[in-house]
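As structure tokens, the structure follows; a few thoughts come after it.
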Amino acid sequence: MNAPVSLANFVNFIIAIAMVVRLGAHHRRVGGKPLKRFIWFYISFAIFWLLWAAPEIFVTNPYSVMATNIMGYVMLYVTSAIMVQIPFLFSGRKSIGTVLCAIIITAGVVFLIGRLINLQPHIREIVGNRVYWRPVFAPWLRMMTGAAGGLAALTASIAFYYFGWRERVNRAIFMRSIYLGTGNATILCGAIVSFILSPTAGFAGVFAGSIFGAVGLFIMMHGIMREAQPQQTPNTTN
């Protein structure tokens, strides 16, 4: 029996939901707008993975597979738009995040239009003992998606590394920033491998990108959880 490649996305969906539950519990205790935005980021990522888990597991009609794939791309743009704004919630420069968000949303609209004017069903392929549904559309649309996701991940990674360097005397903030920066850098690698280096949606690139994405979210969660940890106040008494 051939195993669907989309099973890996379903596993990632379960992992993302577990992270959402854990982060939600922290949010109920500590609150905070950035933490809430992180939760929405994880929720949108979970929905994206659920939609991309649909082929062969939930749907087998080529046009149904195509529909879930397109909706998955929409959620991926939503995820990127959320992520690119988060660092600027910490810096107080929300206008920059809004501009970058608008760029990503515009790219998402271009992708959706480009995809809808050339609707072609997915092709079912057997790769070894695995079933893979290959999407059929212009490679530049995938590369644009990778560029949009890469922009969000690169911006967040640089911003959090900068925050860590700026607050390096505070170990709690430093470590939190390093985790968040590294997690976003890992997601950036996933965007490059999955979309830019694999513009025709080859199995190897898509599978590797999925792994990078899951690992990146896991690393980020460690940084987010540190946000809720109390920091010790230095003793200034003589």
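Looking at Glu56, is it over 29 Å from Ala25 (Cβ atoms), of a type in the set (Asp, Glu), out of contact with any Asp or Glu (no Cβ under 8 Å at 6 or more places or on another chain) and surrounded by fewer than 15 Cβ atoms within 10 Å (Cβ to Cβ)?
Numbers: over 29 Å from Ala25 (Cβ atoms): yes; of a type in the set (Asp, Glu): yes; out of contact with any Asp or Glu (no Cβ under 8 Å at 6 or more places or on another chain): yes; surrounded by fewer than 15 Cβ atoms within 10 Å (Cβ to Cβ): no.
Considered against the rule, which asks whether it is over 29 Å from Ala25 (Cβ atoms), of a type in the set (Asp, Glu), out of contact with any Asp or Glu (no Cβ under 8 Å at 6 or more places or on another chain) and surrounded by fewer than 15 Cβ atoms within 10 Å (Cβ to Cβ), Glu56 comes out as no.
Find the residue count for the stretch 131-167, including only residues that are of a type in the set (D, E, K, R) and touching a residue at least 60 places away in the same chain (Cβ under 8 Å). First the steps, then the outcome.
Of the residues in the stretch 131-167, the ones of a type in the set (D, E, K, R) are 134, 142, 166-167.
Adding the requirement that they be touching a residue at least 60 places away in the same chain (Cβ under 8 Å) leaves 134.
Number of matching residues: 1.
Within the option set Val206, Val127, being surrounded by fewer than 19 Cβ atoms within 10 Å (Cβ to Cβ) and not polar (S, T, N, Q) holds for one residue only, Val127. Note on the stretch 132-149: residues that are over 15 Å from Val74 (Cα atoms) and surrounded by fewer than 20 Cβ atoms within 10 Å (Cβ to Cβ) amount to 5.
Looking only at the stretch 77-114, how many residues end up being over 29 Å from Phe38 (Cβ atoms) and either in contact with a Leu (Cβ under 8 Å, 6 or more places away or on another chain) or not in a helix (DSSP H, G or I) (or both)? Of the residues in that region, 1 qualify. Can you find even one residue in the stretch 30-41 that is small (Gly, Ala, Ser) and either in a helix (DSSP H, G or I) or closer than 17 Å to Ala191 by Cβ (or both)? Scanning the stretch 30-41 turns up no residue that is small (Gly, Ala, Ser) and either in a helix (DSSP H, G or I) or closer than 17 Å to Ala191 by Cβ (or both). Being of a type outside the set (S, T, N, Q), in a helix (DSSP H, G or I), more than 19 Å from Ser80 (Cα to Cα) and touching a Ser or Thr at 6+ places or on another chain (Cβ under 6 Å) holds for only one residue in Gly181, Gly164, and it is Gly164.
If we keep just the residues of the stretch 83-97 that are buried (at least 20 other Cβ atoms within 10 Å of the Cβ) and under 21 Å from Val109 (Cα atoms), which is nearest to the chain's Cα centre (by Cα)? Taking the candidates together, the pick is Met83.
Selection of first residues in the stretch 79-97 that are within 21 Å of Trp49 (Cβ to Cβ) and of second residues that are basic (Lys, Arg) and part of a helix (DSSP H, G or I), restricted to Cβ pairs under 6 Å at least 6 apart or on distinct chains, gives the following pairs, ordered by first then second residue: Ile86/Arg37.
How many residues, within the stretch 30-54, are more than 17 Å from Ile82 (Cα to Cα) and modelled with pLDDT of 90 or more? Walk me through it before giving the result.
Going residue by residue through the stretch 30-54, those that are more than 17 Å from Ile82 (Cα to Cα) are 30-31, 50-54.
Still in the running and modelled with pLDDT of 90 or more: 50-54.
The qualifying residues number 5.
Determine whether Met66 is more than 18 Å from the chain's Cα centre (by Cα) and assigned to a helix (DSSP H, G or I). So Met66 passes the test. In the stretch 3-29, the qualifying residues are those that are at pLDDT 90 or above and either under 12 Å from the mean Cα position of the chain (by Cα) or outside any helix (DSSP H, G or I) (or both), and the one that is farthest from Ile123 (Cα to Cα) is Ala16.
Hey, among the residues in the stretch 98-124 that are among the aliphatic types (A, V, I, L, M) and under 20 Å from Leu188 (Cβ atoms), which one's surrounded by the most Cβ atoms within 10 Å (Cβ to Cβ)? Going through the qualifying residues, I end up with Ile104. Restricting attention to the stretch 69-81, the residues being buried (at least 21 other Cβ atoms within 10 Å of the Cβ) and β-branched (Val, Ile, Thr) number 1.
Of all residues in the stretch 12-58, how many are free of Cβ contacts under 8 Å to residues at least 12 places away in the same chain and under 16 Å from Tyr132 (Cβ atoms)? Full working, then the answer.
We begin by selecting, within the stretch 12-58, every residue free of Cβ contacts under 8 Å to residues at least 12 places away in the same chain; these are 14, 18, 21, 25, 28, 31, 36, 58.
Among the residues that remain, those that are also under 16 Å from Tyr132 (Cβ atoms) are: 58.
Looking only at that region, the number is 1.
The values are calculated or read from the model by the stated rules, or taken from the named source; none is laboratory data. Being a predicted model, the structure only gives us computed values, none of them experimental. Don't worry about glycine lacking a Cβ; one is built from the backbone with ideal geometry, like all the others, and counts go over all protein chains shown.
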